[in-house]
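Asker: Mind having a look at this structure? Questions to follow.
Each value in this text was obtained by applying a stated rule to the coordinates, not by laboratory testing. The structure presented is a predicted model; accordingly, all values stated were derived computationally and were not measured. Here Cβ is always computed from backbone atoms with ideal geometry, including for glycine, and neighbour counts include all displayed protein chains.
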Amino acid sequence: MLRRDYKLSGPGEFYHIYNRGNEKRNIFREQTDYEFFIWRLAHNLFPERFPNKHRTPPLPTKAFSLISYCLMPNHFHLLLKQEKEISPSKLLLRLCTSYSMYFNKKYKRVGHLFQDQFKQILIDNNEYLLWLSAYIHDNPRAAGLTNKLSDYRWSSLPEFINQKPRPSLCDTRVILSQFKNSKDHLNFITNYYDATKENGHVLESLLIDSHDDLP
């Protein structure tokens, strides 16, 4: 059973974290919006590599490891590993608050940008971890945004296939160490959709959560 209690967190645990725009509206409208979100994520994960003049003290170094991510027009997915006694909610509060302030100021709007509190799912086995990473990277193709996943700019897939358009943010070893090479891993993602049909029982809980909450 999936565990969604935000108080259930601890070092060494992996989490699927996601949220979407209020009323399913887009939270990313332009390239600069995606870039700002990624930059703020990078700053909060790696304050020593991506310094900011913010008055808010940075989170401790190496508090989390980012395993994979994908930004879609109206929602985002993060696959995180907690490394220290700091809950993911502290990271997400900073990230979503600063991005909401940026977005509202840029587009001259008021009110909540995100639909609700972010969703946090504990990943309790390795099989789920592998399928989830594939699901996250397959999102752009599933939504019809691209026919070739490697062409999509706003996910961590380029880091997994050594096609890095920006500084690396992810610890790809957690996933890639379980495949022969990056090509083998890419084939796993590419065949994800067909595999879900054959292994629906494996992904049942993942798909119920993600597809009920997201378009």
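Asker: Grab the other residues whose beta carbon is less than 13 angstrom from that of Pro73, score K and R as +1, D and E as -1, and report the net. Please report the intermediate quantities before stating the final value.
Answerer: Details: positive: Arg20, Lys24, Arg25, Arg29, Arg153; negative: Glu30, Asp33.
The answer is +3.
Asker: Once you have all Cα-Cα distances for segment 14-213, histogram them in 5 Å bins from zero and send the whole-percent values.
Answerer: Histogramming segment 14-213 at 5 Å steps yields 1, 7, 16, 20, 21, 18, 11, 5, 2, 0, 0 percent.
Asker: Placing +1 at every Lys and Arg Cβ and -1 at every Asp and Glu Cβ, with all other atoms neutral, what dipole size does segment 14-213 have around its Cα centre, in debye to the nearest 20?
Answerer: 1120 debye
Asker: Shifting gears a bit: Which order results if Cys70, Cys96 are arranged by neighbouring Cβ count within 10 Å, fewest first?
Answerer: Numbers: Cys70 23, Cys96 19.
Lowest to highest Cβ neighbour count: Cys96, Cys70.
Asker: May I ask which of Lys24/Lys164; Lys106/Lys148; Lys84/Lys148; Lys81/Lys180; Lys84/Lys106; Lys24/Lys90 have a Cα-Cα span longer than 27 Å here?
Answerer: Lys24/Lys164; Lys106/Lys148; Lys84/Lys148; Lys84/Lys106
Asker: Just order 41-50, 154-163, 183-192 by mean Cβ neighbour count inside 10 Å, highest at the front, would you? Kindly include the intermediate steps, with their values, before the conclusion.
Answerer: Working: 41-50: 17.9, 154-163: 19.5, 183-192: 16.4.
Peptide ranking by packing, descending: 154-163, 41-50, 183-192.
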